[in-house]
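Peer 1: Below are the structure tokens for one structure; questions will follow.
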Amino acid sequence: MDGPLVEVRGLTKEYRRGDEVVPVLAGLDLSIARGDYVALMGPSGSGKSTLLNLLGGLDQPTAGEIRIDGVSIGELGSNELAAWRARSVGFIFQMYNLLPVLTAEQNVELPLLLTSLSKPERLARARAALALVGLSDRARHRPRELSGGQEQRVGIARAIVTDPLLLLCDEPTGDLDRKAGDAVLDLFDALNREAGKTIVMVTHDPRAAARARRILHLEKGVLAREEG
Amino acid sequence: MAVAPFALLPLLGGSLRRHRLRLAFTIASILIAFLLFGLLAAVRNALTAGVEVAGQDRLITTNKVSIIQGMPRAYFTRIGSLAAVRRSASLNWFGGIYQDPHVQLVVFAVSDAYFDIYRDLQLGPAGLATWRADRTGAIVGDGIAKRYGWKVGDTVPMKSNIYRRKDGAGAWPVKITAIYHSENQDPNTVFLHYAYYNETVTFGVDSVGWVISQLKDPTTVETTSRAVDAMFANSRTETKTSTEKAVAQSFANQIGNIGAILTFVVSAVFFAMLLVTANTMAQSVRERTPELAVLKTLGFTDNAVLTLVLAESLLVTLVGGVLGLGTATLATAALGASLKSFLPFFQIPPLAYLQAALYVLALGVAAGVVPAVAAMRLQIVTALRTS
Ligand SMILES: Nc1ncnc2c1ncn2[C@@H]1O[C@H](COP(=O)(O)OP(=O)(O)OP(=O)(O)O)[C@@H](O)[C@H]1O
Ligand SMILES: [Mg+2]
């Protein structure tokens, strides 16, 4: 399909706390091309996570439209939205959010449980994804037996195992030291350049942002300026 | 896209495994509840089995004041001569003792017609005739025969803890003339001749304990039982006549009061168990709030998450229920062997297993429904933010 992968028009998000209205996003427009790699920066509390969650269909906007690959996700019902998420988006969190009782391999296999793949097919894919992030030898380890950097790489394997169009990453290196963070960023580079994945990454770290093709700055509810 | 339920299998018990001790306590409490339930069901079964096999067309007459005192033997003849009565038989409690004075056997002295009334005691072709021909003859159940190794033709010394012999001998030599088998009657009873008993005892001569009457027409039970009692009204020994079923029922009802208390106890245990399980499930869901949010992020639907939590709850009650009822089954089998002479039907009836299965289901759902709905309603963003 042609056209940008992500198209956002007039996106508004307000939180209500009693009578008080907290405006976070105020009529934001955004367009992200296929194969792009976007870093999203901005002060704490500026709404970066909010925007990312809206893009991934985890939360509903107060107003505005989000089209991803031609699908207006605001029009999907809750089950359709869940199915769309399983197919189209991979999430990578700052705190990894692996399931502690499952092994690395089982964590990566998790999203495939929602597909019609057989158990051997699922395992083969999960192993391939783990190999891609360089953790073949840690497949049977549980999260608490892994370092933070390794946990995050398992998180990346889990996000890409379904081969989604879009990777959404919320401060993926925020909790890692420089070396582990660089390994993660190297992976994003490869996923973007070699596998053609479209990536949106929230970050506070200018060094990390510099690896992206574009850097967007969120301020006062809209995109203030752009570098890249 | 619907999630096939089996797709959730790898996730089942994830939280449960994390707190093994808590899980063990929860399962133990469920186990105990179902163990109690199984044992109670077996006790019930043992105590009410008599009601099921009791005949509708049989009347039982006893001394109105006390069954221990008995009635004059003439009553037996007079009841038997009533037009509505096909045949009647008398029974006397003998207080049988064999070898071990601490073991009370069920021994009755009966008149000949007894076995014409209770045809479900299978005696074999010549059994009845052989017994009738032998004054000291006894008909014994296959259960007690097996227990003491009695064979047809053996003569065994039977004692009584009530009666003495006129001639001063310590025991009644009793010849085993037939062994009966029955699907629904107690297999451990011994039957002696009334005549043998009556002519040897030192007291209670010419009295009978029970008169069993088989009616020509079962619809006349009410009128006949009144007619019998009217016959002996205002005499020195008045009688009380009821259907065999009513007697069995009133015995069962007395036990039933104990049963009601037991039921209450078991209900209380079940309720406590429900609270324990519900608490375990609620805690496990609360602890896993971020994980459930992650599952939803990955595309698991609200319903899938609901199913997951309910399935976990059911798994816990199922494991506890199977272990509890399994233990109860083994325990009744073990206890049943030693209780056989008193409670031949001490076993868990099939219906109780079905009932237990329903309880497992109901308790699993009841314990899981609140946390499951909470998990279903969980907002991803809120849940991830609080993690
Ligand atoms: N559920 C909510 N209820 C009320 N206010 C909220 C809620 N979620 C977010 N906010 C507010 O929205 C604003 C944006 O939050 P958001 O998490 O998107 O910021 P952020 O840019 O990701 O910040 P950080 O860099 O610290 O992660 C904040 O002021 C926050 O307090
Ligand atoms: Mg944030």
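Nothing in this text is a laboratory measurement; each read-out follows from the coordinates by a stated rule. From a predicted model like this one, the values you see are computed outputs, not experimental measurements. For neighbour counting, all protein chains shown are included, and Cβ atoms are generated from backbone atoms with ideal geometry for every residue, glycine included.
Peer 1: Multiply the residue separation of A:Asp2 and A:Asp189 by 0.36 nm, subtract the distance between their alpha-carbon atoms, and state the gained length in nm to one decimal.
Peer 2: Taking A:Asp2 through A:Asp189 to full extension adds about 65.0 nm, to one decimal.
Peer 1: Moving on. Over all residues in A:79-86, what is the mean tally of Cβ atoms on other chains that come within 10 Å of each residue's Cβ?
Peer 2: Taking all residues of A:79-86 together, the mean is 6.
Peer 1: Further question on the same structure: Going by average Cβ density within 10 Å per residue, which order do the peptides A:55-66, B:25-36 take, highest to lowest?
Peer 2: Result, highest mean Cβ count within 10 Å first: B:25-36, A:55-66.
Peer 1: Could you tell me the distance between the Cα centroids of the stretch A:179-196 and the stretch B:341-384, to the nearest Å?
Peer 2: 49 Å
Peer 1: Taking each residue of A:92-100 in turn, how many C-beta atoms of other protein chains fall within 10 Å of its C-beta, and what is the average?
Peer 2: 4
Peer 1: Same structure again: Specify which residue in the list B:Ser90, B:Gly70, B:Thr177 is farthest towards the positive end of the charge dipole of the stretch B:27-183, using unit charges on the beta carbon of Lys, Arg (+1) and Asp, Glu (-1), about the Cα centre.
Peer 2: Farthest along the dipole direction, towards plus: B:Gly70.
Peer 1: Same structure, new question: Pick out the long, greasy-scoring helices in chain B: whole DSSP H runs spanning 24 Å or more along their own axis by Cα, mean Kyte-Doolittle at least -1.0.
Peer 2: B:20-53, B:244-287, B:302-339, B:350-377
Peer 1: How far is it, in nm, from the label point at B:Gln69 to the one at B:Ala195 when both lie 7 Å from their Cα along the line to the Cβ?
Peer 2: 3.0 nm
Peer 1: Still on this structure: Using only helices, what value at 222 nm comes out for chain B when you add -39,500 (n - 2.57) per DSSP H run of length 4 or more and divide by the total residues, to the nearest 500 deg cm²/dmol?
Peer 2: Value at 222 nm, helices only, nearest 500: -18000 deg cm²/dmol.
Peer 1: Hey, got the average number of other protein chain Cβ atoms within 10 angstrom for residues in A:109-116?
Peer 2: For this peptide, the per-residue mean of nearby foreign Cβ atoms is 6.
Peer 1: Specify the inter-centroid distance of the stretch B:179-232 and the stretch B:85-115, based on alpha-carbon positions, in whole Å.
Peer 2: The distance from the Cα centre of the stretch B:179-232 to that of the stretch B:85-115 comes to 9 Å.
Peer 1: A further question on this structure: Listed highest first by mean packing, meaning other Cβ atoms within 10 Å per residue, what order do A:8-17, B:322-331 come in?
Peer 2: In descending order of packing, they fall as B:322-331, A:8-17.
Peer 1: Can you give me the convex hull volume of the Cα atoms of chain A, divided per residue and expressed in Å³?
Peer 2: 135 Å³
Peer 1: Moving on. Just for the stretch B:93-199, what percent of DSSP beta bridges are antiparallel, to the closest 5?
Peer 2: Expressed as a percentage, antiparallel bridges in the stretch B:93-199 total about 55.
Peer 1: A further question follows. Which of A:Val161, A:Val21, A:Val108 moves most in a GNM of chain A, Cα contacts under 10 Å?
Peer 2: A:Val21
Peer 1: At a threshold of 8 angstrom on Cα-Cα distance, excluding pairs fewer than six apart, so keeping six or more, what relative contact order does the stretch A:106-228 reach in percent?
Peer 2: 20 percent
Peer 1: In addition: Quick check on chain A: helices-only [θ] at 222 nm, where DSSP H runs of length 4 and up contribute -39,500 (n - 2.57) each and the sum goes over total residues. Nearest 500, please.
Peer 2: So the calculated ellipticity at 222 nm is -9500 deg cm²/dmol.
Peer 1: Continuing with the same structure: Quick check on the protein assembly as shown: of the DSSP beta bridges with both residues there, what percent are antiparallel, nearest 5%?
Peer 2: Once the DSSP bridges in the protein assembly as shown are tallied, antiparallel ones form about 65 percent.
Peer 1: Based on DSSP, what percent of beta bridges with both residues in chain B are antiparallel, to the nearest 5?
Peer 2: Given both bridge residues lie in chain B, the antiparallel proportion sits at roughly 75 percent.
Peer 1: Here is the link list: B:Lys151/B:Lys175; B:Lys159/B:Lys240; A:Lys119/A:Lys197. Which ones come out longer than 19 Å on Cα distance?
Peer 2: Pairs exceeding 19 Å: B:Lys159/B:Lys240; A:Lys119/A:Lys197.
Peer 1: Going by how many other beta carbons lie within 10 Å of each one, how would you line up A:Phe93, B:Phe203, fewest first?
Peer 2: Fewest-to-most Cβ neighbours within 10 Å comes out as B:Phe203, A:Phe93.
Peer 1: Along Cα→Cβ, 7 Å out, is where each label goes; now give me the distance between the ones at B:Asn161 and A:Glu14 in nm to one decimal.
Peer 2: Result: 8.9 nm between the two label points.
Peer 1: I've got another one for you. For the pair B:Thr220 and A:Arg213, how long in nm is the line joining their label points, each one 7 Å along Cα→Cβ?
Peer 2: 10.6 nm
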